[in-house]
Amino acid sequence: MIHFELITPERVVYRQEADQVTLPTAQGEITVLPGHASLVAALVPGIARLKTKGTEEEVAVSGGFIEVGNDKVRVLADTAERGEELDISVIEEAKKRAEKVMQEAARQDDVSFAAAMASMEREMARYKLAKRRRAPKQTPTIDSAALPTDENPS
């Protein structure tokens with residue numbers, strides 16, 4: 001087991017044992033399992049996944065840092081929101097505002113554009129998680145006409 005902590009300036013989002021933790025980093029997504037090598041990495045906007053005893057929880061995270069060592073994972077994130085905390089209509093409005101700021105900032109300076117882009121990446125991660133949480137669970141169906149005929153009938 002891994003001792004996992006996800007902390008923002010406002011609160012402790014998680015402090016629990018986990019089987020595995022998947023996090024978005026600047027170099028790509030990483031999955032930490034027990035016995036993982038020590039590392040420090042930059043956290044980027046995306047979805048963090050925590051698996052414990054066959055269940056999986058997802059959290060929209062923004063920038064921050066990740067520290068891994070001695071079967072402990074500590075994530076210090078600027079923001080972190082669980083799926084059930086997200087409201088799609090609020091996120092869609094925030095996305096529109098971020099898009100508008102990006103268009104205006106593109107004509108101004110690189111710093112303003114980078115800040116707007118970071119805001120947009122955060123909103124996209126939140127939107128993706130909120131949409132995933134709201135999607136109806138469907139059982140896949142198979143069209144029997146697409147199946148091959150049984151060559152060995154009983």
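Only the coordinates and a few stated rules stand behind these numbers; no lab work does. Just so it is clear, the structure is predicted and the values come from calculations on it, not from any experiment. So basically every Cβ, Gly included, is an ideal-geometry build from the backbone, and we count neighbours across all protein chains shown.
Values for this structure:
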read-out: Under-5 Å amide H pairs with residue 20, H placed in peptide plane, nonlocal only; value: 51
read-out: Share of Cα-Cα pairs in region 1-117 lying beyond 17 Å, as whole percent; value: 59
read-out: Local electrostatic count, residue 13, Cβ distance below 13 Å [Lys/Arg +1, Asp/Glu -1]; value: -4
read-out: Long-range amide H partners of residue 36 with built H, under 5 Å; value: 71
read-out: Exposure proxy order (Cβ contacts within 10 Å, fewest to most) of 12, 73; value: 12, 73
read-out: From phi via Karplus (6.51, -1.76, 1.60), per-residue ³J(HN,Hα) for region 16-29 in Hz, x at Gly/Pro; value: 7, 8, 9, 7, 7, 9, 10, 9, x, 10, 4, 8, x, 6
read-out: Fewest-first sequence of 72, 95 by Cβ atoms within 10 Å of each Cβ; value: 72, 95
read-out: Mean projected area (nm²) of the alpha-carbon convex hull when region 57-124 is viewed from all directions; value: 5.6
read-out: Karplus-derived 3J(HN,Hα), 6.51/-1.76/1.60, for each residue of region 31-41, Hz, glycine and proline x; value: 10, 9, 10, x, x, 4, 5, 5, 6, 10, 9
read-out: Ascending count of other beta-carbon atoms within 10 Å, so fewest first, for 53, 100; value: 53, 100
read-out: Cross-link table 51/128; 95/131; 51/96, entries beyond 23 Å C-alpha to C-alpha; value: 51/96
read-out: Region 86-134: C-alpha gyration tensor shape, a/c 1.5 cut-off, then a/b vs b/c; value: prolate
